[in-house]
Amino acid sequence: MKYINTNDLKEPIDWNRKISSNKALTNKVKSIGLIVKKFGDQGIKQINQELKIKSPKSFLVKNQEILKASTLLSDEDKKSILVAITNIKAHHEKQLDQYRRAPQKNMNGIEIWQEFRPIRTIGIYVPGGTAPLVSSLLMQLIPATLAGCKDINICTPSQADGKIHPSILWATNQINPKVKIYKIGGAQAIFAMSNGTKSIPKVEKIFGPGNEFVNEAKKQISNITDIDLPAGPSEVMIVANEFKDTRVIVLDLLSQLEHGTSSNAYVLSKSKKILEMIKDELPLAVANLQRNEVLSKSIKNVLLINVKSVGEQIKLINDCAPEHLILLDKNFSSFIPEISNAGSIFCGPLTPVSFGDYASGTNHVLPTNGMAKTRSGLGVIDFGKVISFQYANQEGFNSLAPVVKNLAELEGLTAHAETVAVRKKQSHLTTRESFVIRRSKETEIFINLNLDGNGLYSISTGIHFLDHMLEQLSKHSGINLSVKCIGDTHIDEHHTIEDVAIALGSSINEALGDRKNINRYSNNFSVVMDECQSDCLIDLSSRSYLKYQTTKLRDFVGDLPTEMIEHFFKSLIENAKFTCHLKTEGENTHHIVESSFKSFAKAFGEAIKLNSSGSSSTKGFL
């Protein structure tokens, strides 16, 4: 334990972060890696034998073991785990919202957006030989599951009885029953996931904390398999100027120091008295704690720093960039805007680090060793990657083409310039196209539409009869239409039907542009299907109005609820902004619905036709 008065400082504070290299450890871990890579499962068993660890008959945890775990946990344990899962999930599931937004147009009209894609195969290491670190499991498995990782593999060491602690098994099953769990720990687990063995699949990224062997193994495989944050000793910094309960401060320090003998702790205070009380109380508190053997060594890493002002405290916080920062005073809010570097901040006297470690919702996998200056804590984004997309219609191309051509020529990259020039030669014809993405809580819809097409289509909404009707719309109007909908049709197809109609209407409205030089009006198109007749008239004004009449329908046609037919047309027309009169009479529900879509399609195809022979008017072409 060391006391520092900043008035006496002649050089910057040493935050005790010297990472000593251990050649013996490095070489030992390297030899483990070579054995696992060469001999696979047998190599793991060989290493286990050398370490006096009994290897299981099967590394993969069987389903019976997972189901049995429920009987081995108390209701109170289950309740606590479920509360933690709920809070962690609620916090993390919002992290991908920024990638669910609709495309944004830049100043030239190019549509730009980003989409998140999960890493397919990942490995999670959960320490668990001497103590079941179920919190570590939650902090990794929940964001991995929310990210959508398909193949998740957990490696965790067995207890002395050869079994995985039931809390690990039960919690895993609550979060994601498809996860595979393997009874393997140490450096050998990391090398197994990195290289792949007969039993354990090769993964693309490895997550999770561990002892010095695990961390060294992650370091050694990081050039071939991606890893999460490089793990360092745990650390905490506490700011207490007016907070007088030093018992709380002491326990906050010890809660992080008990992680290991290399853990670090710092206290910043304007009060010399507070620091002196902490210095006196720390050794006494150690004796009463279970991990006193570790704590008796790690309290030597405590720095008690007496500062002159709040400004100096903020400067030291940002210089240290601590993993955990506790602001105990009631005026903590005045610190928040000034702090740039910290892994996670705990505000006020009632917010211990333990809340974040276990169940408040934030992730406890945080940057250490000053890496909070450039790194963030673990989140959903770490389990995937972000892909950028862009789409240029004719207007956007014409606007941006000369800018890009000039810049390419400025750099002397003529092929870049020619990729623009060759398209400009081909773009003398006006095309009426649109690309729309609509995202709601229930659906994600992608629509690509070309009004000057030839009836080509690719439709997938999840509702087969709706697909069939949209195919008829494309075929009989002559437009090219691509629709892809990802929705909750297994729960409620109504959302999909309405959202597809809204997105399609918006796409039509965008493709129509200023609506000049088009027929605008359609003739009265009649479609006959056996006993059924459907008539449709359309005016492509910017006024939304639907007059819809039909014979009574049965509840469903195929998998399409007929109560949504009128609602589909209404939503489409409201968003496409035109007037439509649609009347259908008949006896067969299938015929009524299909003939309605066909007559609508034919009228729509007539109204959107280009017409340059007449003179434009607010009433159409004269």
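The values are calculated or read from the model by the stated rules, or taken from the named source; none is laboratory data. All values derive from a computational prediction rather than experimental measurement. Cβ coordinates were reconstructed from backbone atoms using ideal geometry, including for glycine residues, and neighbour counts include every protein chain displayed. Just so you know, the surface numbers come from the protein's heavy atoms only, side chains and all, with ligands and any DNA or RNA stripped out. Shrake-Rupley method; radii C 1.70, N 1.55, O 1.52, S 1.80 Å.
Looking at the stretch 157-253, what % of the alpha carbon pairs are farther apart than 23 Å? Everything past 23 Å amounts to 46 percent.
Does the stretch 458-603 come out rounded, prolate or oblate by the C-alpha gyration tensor, with a ≥ b ≥ c the root eigenvalues, rounded set by a/c under 1.5 and, if not, prolate when a/b is larger than b/c and oblate if not? Oblate is the answer for the stretch 458-603, as a/c is 1.5 or above yet b/c matches or exceeds a/b.
The Cα-based radius of gyration of the stretch 330-393, divided by its Kirkwood radius, gives an Rg/Rh of 1.13. The share of accessible area on the stretch 463-571 that comes from carbon and sulfur is 48 percent, using a 1.4 angstrom probe. Taking a sphere under 14 Å around the Cβ of Asp357 and counting the other residues whose Cβ falls inside, with K and R at +1 and D and E at -1, yields a net charge of -4. Converting phi to 3J(HN,Hα) with the Karplus coefficients 6.51, -1.76 and 1.60 and the offset θ = phi - 60°, the stretch 344-354 yields 8, 10, 10, 9, x, x, 9, 10, x, 4, 4 Hz in sequence order, with x at every glycine or proline. Treating each Cα of the stretch 427-544 as one equal point scatterer and applying the Debye formula with no solvent, the log10 of I(q)/I(0) at q = 0.13, 0.19, 0.21, 0.22 Å⁻¹ comes out as -0.58, -1.13, -1.26, -1.32. All other residues whose Cβ lies under 13 angstrom from that of Ser255 are scored, Lys and Arg at +1 and Asp and Glu at -1, for a net of -3. Overall, the ratio between the Cα radius of gyration of the stretch 3-71 and 2.2 N^0.38 Å, rounded to two decimals, is 2.08. Per residue, the accessible area of the stretch 510-557 comes to 60 Å², computed with a 1.4 Å probe over protein heavy atoms only. Atom-type composition of the exposed protein surface of the stretch 136-204 places 47 percent of the accessible area on carbon and sulfur (1.4 angstrom probe). Only beta bridges with both residues in the stretch 525-585 are counted; by DSSP, about 70 percent of them are antiparallel.
Solvent-accessible surface of protein heavy atoms, probed at 1.4 angstrom with all chains present, puts Glu433, Glu418, Glu312 in the order Glu418, Glu433, Glu312, largest first.
The tail of the calculated P(r) for the stretch 55-183 beyond 24 Å holds 36 percent of all Cα-Cα pairs.
Considering only alpha-carbon pairs that sit under 8 angstrom and 6 or more positions apart, the relative contact order computed for the stretch 270-387 is 20 percent. Considering only the Cα atoms of the stretch 367-407, their convex hull presents on average a projected area of 5.6 nm². Pairs Lys54/Lys150; Lys79/Lys163; Lys183/Lys219; Lys62/Lys205: which are spaced more than 26 Å apart, C-alpha to C-alpha? Distance filter (> 26 Å) returns Lys54/Lys150. Restricting attention to the stretch 489-591, the count of lysine pairs at 8 or more positions apart or across chains with alpha carbons under 23 Å apart stands at 7. Over all distinct Cα-Cα pairs of the stretch 560-616, the Kirkwood formula returns a hydrodynamic radius of 13.1 Å. Only Lys, Arg, Asp and Glu carry charge here, each on its Cβ (+1 for the first two, -1 for the last two); on that basis the stretch 489-560 has a dipole of about 520 debye about its Cα centre. Output needed: percent of Cα pairs per 10 Å distance bin for the stretch 298-409, bins running from 0 to the one holding the longest distance. Pairs per bin, as whole percents: 11, 30, 24, 10, 14, 10, 2.
Where both bridge residues fall in the chain, DSSP classifies roughly 50% of the beta bridges as antiparallel. Straight-line cross-link reach from Lys2 at under 22 Å between alpha-carbon atoms covers these lysines, not counting any fewer than eight positions away in the same chain: Lys10, Lys18, Lys244, Lys270, Lys272, Lys273, Lys279, Lys297, Lys300, Lys308, Lys315. From most to least packed by mean Cβ count within 10 Å, the peptides 532-542, 369-379, 138-148 give 138-148, 532-542, 369-379.
Quick check: from the Cα gyration tensor, does the stretch 419-473 come out rounded (a/c under 1.5), prolate or oblate? It is oblate, given that a/c is not under 1.5 and a/b is not larger than b/c. Taking a quarter of the surface of the Cα convex hull of the stretch 171-220 gives a mean projected area of 3.9 nm². Treating r as the C-beta distance of Asn27 and Glu65 and R0 as 22 Å, the FRET efficiency rounds to 0.05. Averaged per residue, the stretch 211-331 has 44 square angstrom of accessible surface, using a 1.4 angstrom probe with ligands and nucleic acids left out. Count Lys and Arg as plus one, Asp and Glu as minus one, and take only other residues whose Cβ is under 14 Å from that of Ile175; the net charge is then +3.
At 222 nm, what helix-only mean residue ellipticity would the chain give, in deg cm²/dmol to the nearest 500, using -39500 (n - 2.57) for each DSSP H run of four or more? Intermediate values should be presented prior to the final figure.
Numbers: 19 runs with 241 residues, N = 622.
The helix-only estimate for the chain comes to -12000 deg cm²/dmol at 222 nm.
Its Cα centre serving as origin, the chain has a Cβ charge dipole (Lys and Arg +1, Asp and Glu -1) of approximately 1840 debye. Ligands, DNA and RNA are left out, and with a 1.4 angstrom probe the accessible area of the stretch 1-154 is 61 Å² per residue.
Calculated FRET efficiency, Asn523 and Lys89, Cβ-Cβ r, R0 60 Å, to nearest 0.05?
On the way: r = 56 Å, r/R0 = 0.94.
Computed FRET efficiency for Asn523 and Lys89: 0.60.
Across the options Asn318, Leu9, Ile200, the greatest Cα extent toward the positive end of the charge dipole of the chain (unit charges at beta carbon of Lys, Arg, Asp, Glu) belongs to Leu9. Remark on the stretch 205-310: hydrodynamic radius 15.3 angstrom, per the Kirkwood mean of 1/r across alpha carbon pairs. Sorting 507-514, 336-343 by average packing, meaning the other beta carbons within 10 Å per residue, from highest down gives 507-514, 336-343.
Rounded to the nearest 20, the Cβ-based charge dipole of the stretch 158-216 about its Cα centre (Lys and Arg +1, Asp and Glu -1) stands at 340 debye. For a modelled paramagnetic label at Arg100, 7 Å from Cα along Cα-to-Cβ, the residues of the stretch 114-134 in reach, with backbone nitrogen under 20 Å, are 114-119. Once the Cα-Cα distance is subtracted from the 0.36 nm per residue extended length, the Lys308 to Thr6 segment shows a gain of 108.0 nm.
Taking 0.36 nm per residue of sequence separation and subtracting the Cα-Cα distance, how much length would be gained by fully extending the chain between Lys300 and Ala287, in nm to one decimal?
Values: separation 13, 0.36 × 13 = 4.68 nm, distance 1.47 nm.
Roughly 3.2 nm would be gained on extension.
Using the Cα coordinates of the chain, the gyration tensor eigenvalues translate into equivalent-ellipsoid semi-axes of 61, 31, 25 Å, sorted from longest to shortest.
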